[in-house]
1. Within the stretch 50-64, how many residues are in a helix (DSSP H, G or I) and either open to solvent by 30 Å² or more (accessible area, probe 1.4 Å) or within 16 Å of Asp641 (Cβ to Cβ) (or both)?
2. Which members of the stretch 543-600 meet the condition of being within 28 Å of the chain's Cα centre (by Cα), within 27 Å of Asn496 (Cβ to Cβ), open to solvent by 20 Å² or more (accessible area, probe 1.4 Å) and polar (S, T, N, Q)?
3. Tell me which of these Ser652 doesn't satisfy, since it passes every other one: (1) open to solvent by 10 Å² or more (accessible area, probe 1.4 Å); (2) touching a Ser or Thr at 6+ places or on another chain (Cβ under 6 Å); (3) at pLDDT 95 or above.
4. Hey, can you tell me all the residues within the stretch 467-485 that are at pLDDT 90 or above and either assigned to a helix (DSSP H, G or I) or basic (Lys, Arg) (or both)?
5. Specify the residue that is most open to solvent (accessible area, probe 1.4 Å); the eligible residues are those in the stretch 201-213 that are of a type outside the set (S, T, N, Q) and within 21 Å of the chain's Cα centre (by Cα).
6. Scanning for something crowded, with 19+ Cβ neighbours inside 10 Å and touching a Phe, Trp or Tyr at 6+ places or on another chain (Cβ under 6 Å), does the stretch 502-510 turn up at least one residue?
7. Got a sec? Which of Ile625, Ile681 is touching a residue at least 40 places away in the same chain (Cβ under 8 Å), assigned to a strand (DSSP E or B), surrounded by 24 or more Cβ atoms within 10 Å (Cβ to Cβ) and under 27 Å from the mean Cα position of the chain (by Cα)?
8. How many residues, within the stretch 165-200, are open to solvent by 40 Å² or more (accessible area, probe 1.4 Å) and either modelled with pLDDT of 95 or more or touching a Leu at 6+ places or on another chain (Cβ under 8 Å) (or both)?
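The values are calculated or read from the model by the stated rules, or taken from the named source; none is laboratory data. All values derive from a computational prediction rather than experimental measurement. For neighbour counting, all protein chains shown are included, and Cβ atoms are generated from backbone atoms with ideal geometry for every residue, glycine included. What goes into the accessible areas is simple: the full protein's heavy atoms, side chains included, and nothing from ligands, DNA or RNA. Shrake-Rupley method; radii C 1.70, N 1.55, O 1.52, S 1.80 Å.
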Amino acid sequence: MISSILASTLLIAGCSSTTSEESSSSKKEEEKKPAYNVEVADYNFDTFGNMFAYAEFELSGEPLAESLGLDLDVLDSKNVDSPTPFDYTAGIESYEYSEEAMYEVVEKSGLGLHLINGPVVKTASKETNQKPEEWLSERFLSLADSVGYPQDEIFRNMYPTTIEYSSGDPHYAEQVDTEEYASGDDDTYVPNYQVNFDSLRWDRDGMDKVLTPSAYGATFLKQTLWAGDFLGGFHTVDGDEELAGETAKDDDDENIALGVSSADGMQGMILTEEVWNKINFIHDNLFYDSTNKVASSNISNYDPTNGFVYLPHEVSVTENTEGIAPDAESLEVTDTRSLLEDQWAMLWPTSEFFGMTDQRSENKQVAPSFQALFDGEPFTSAPEANLDADSANDEDSNDAYTVNRDIMLAIFHNIDAMHFNQEAGTFVSENNGQDQGQTVNTFDAGYTVESLRIFQRAIDGLPVGYASGEDAEGLGTDEGKRAIEMITKQADFIMNELILDSGLAAESYDLNEKKASINTTLEANLGAIRGLTAAYLATDDAKYRDAARQLYVTMDNELWNDKAKAYYTSDDAMSYSPKTAGAVSAVLRNALLTLNNTGSDQNAPENLEREIITQRYTDFYNQVIDGPALDQGMQASEFWDTGDFYKTDDDSGNTDGDMVPQIQAGHGENGISPVLVPVEISKSN
């Protein structure tokens, strides 16, 4: 009975009402007019930019604050700027914004294909002679049991996604249900929308129904980072106490369950189920071999010298709306190019997920909780033949390890064959499916180095996720060695060819003319610093850290506007996309953890003192992300995880009195999701 009830409430189609961009909220009166305005440029939701930014926000959140010595137990969303403004900004705002935006996309908005249409769900439901929604409902119940989560507390009317579209309109399509569900302390209450997601859909007519690797890849990255955090341990059933875990059999004890807590474990299970279906969808439908519109290709043992099989830039979806939720009726490749941005944005998450699913016997560093997760229950284990060094004996399987491994290695080989110019020692931004282009984009080249760093760690059995900076002894695979070769050559190219006489990084480089662009942008400098820092972490060669430090100091001196509390993005402009903001967060994190002045640094510029960097972090976040006014800033809305509690005697739509409205209160007739929007910063008149 409960499974049939859950089936009826797991998925409800979204509405299609139109929203406006005018805010209907009551706004807090400002005591002082801001010196600079941070005005919204448009309301298009860029899936790649947002999910990429929020992945960097996550890593620059609790993990960063904790690594700098903060006891996370002292953080409280009600105590703003405590114990310090930096600790609160990183540990509460950056971290929680990141988490909630992910849920908004993969559980609430409907921005993509529903999980009932996922390949694993379809296959399993056929095998059990059930409707997909019935099988999925029972699956959620069993996942809840595996983490000790009460079945009757599973969120209602979720829209879990198999794969996500490239963009959409983040305004809510109907009025958000903020009526009281349960009362809390100090006249606060839990609104209905917190437990029932029915009123949180986006307008499907406003979605760009295109599958772009960077978009579904960045979402995959968010899902994997959080799943790895949530499922990276066990907990006691009776006390919900986190346990590190001793063996993969710890959960055989009736009082020990998967997940670091019951609630976190449930979210981790949902995210992992989504990823399992996502990678099977990608594997079966989205690889292109230049002879078919969409090729369902066998990419196990893929060799690009026999012809490219790769993820093209755009696959358009024609939806079939006859079922309980829209499915893909047809897929058409509408842009056949291989873009470097797409490839690194997929290599990174597949490498992170490989670190979770790795079942190779020679890798002794996989967390016991991950081993338990993929030991056959609740997630299928890989065939033994797929775990040895002989790939020739592999068996066909839809298990998470096998499918993800094949995708990861195919992307790695394609980055090498399709995008790495061996003669010049650099990555090119585009391949038309036959030939490499001749343009190097500095931002993408730098982030490819970071993605390869994570890949090398994963394939060599080193810790990834939040522990990707830790030292350990690797397996020394051929793929790992090749990754280090490309990392080294690209980092040398950045140092030798992409740094202009000004000391800043060039936006791009033309291999035909063998000449760097005279233009520099904030993104180019951020990408170069990210790549050089990654090269240092991967090789331990101090010259890359020195170069990254020097570039950071030049960037900070030349591009930071102390009155605006932001960097110039190009020339005199300060135009921030979510991608740019995410890269700023990443580089400030790199500066705090790796590039900061130490006792051994002979040159110790003030810019790289931790006190100065943390001030940059806090200033940038307060000014650009939160904004100086309720209708300004990149973070469009928020709710109680960052302090905006719902109170019975307060209908202001901004109970914490900050510069970010509640989700129903700002930027539209029905409000807007807690996501990032692009902004333009300009001096007030």
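1. Start the filter on the stretch 50-64 by keeping residues that are in a helix (DSSP H, G or I), which leaves 50-59, 62-64.
Cutting the leftovers down to either open to solvent by 30 Å² or more (accessible area, probe 1.4 Å) or within 16 Å of Asp641 (Cβ to Cβ) (or both) gives us 54, 57-58, 62.
Number of matching residues: 4.
2. Passing the criteria: Ser570, Thr594.
3. So Ser652 meets the others, but not (3).
4. Restricting attention to the stretch 467-485, the residues satisfying the condition of being at pLDDT 90 or above are 475-485.
Of everything in the stretch 467-485, those that are at pLDDT 90 or above and either assigned to a helix (DSSP H, G or I) or basic (Lys, Arg) (or both) turn out to be Asp478, Glu479, Gly480, Lys481, Arg482, Ala483, Ile484, Glu485.
5. If we filter the stretch 201-213 for residues that are of a type outside the set (S, T, N, Q), which is where we start, we get 201-211, 213.
Next cut, within 21 Å of the chain's Cα centre (by Cα) only: 201-202, 207-211, 213.
Numbers: Arg201: 4, Trp202: 1, Met207: 15, Asp208: 70, Lys209: 48, Val210: 12, Leu211: 1, Pro213: 0 Å².
Filtering the stretch 201-213 for residues that are of a type outside the set (S, T, N, Q) and within 21 Å of the chain's Cα centre (by Cα), the one most open to solvent (accessible area, probe 1.4 Å) comes out as Asp208.
6. Within the stretch 502-510, not a single residue is crowded, with 19+ Cβ neighbours inside 10 Å and touching a Phe, Trp or Tyr at 6+ places or on another chain (Cβ under 6 Å).
7. Numbers: Ile625 fails: assigned to a strand (DSSP E or B).
None of the others qualify; the one that does is Ile681.
8. Number satisfying all stated conditions: 8.
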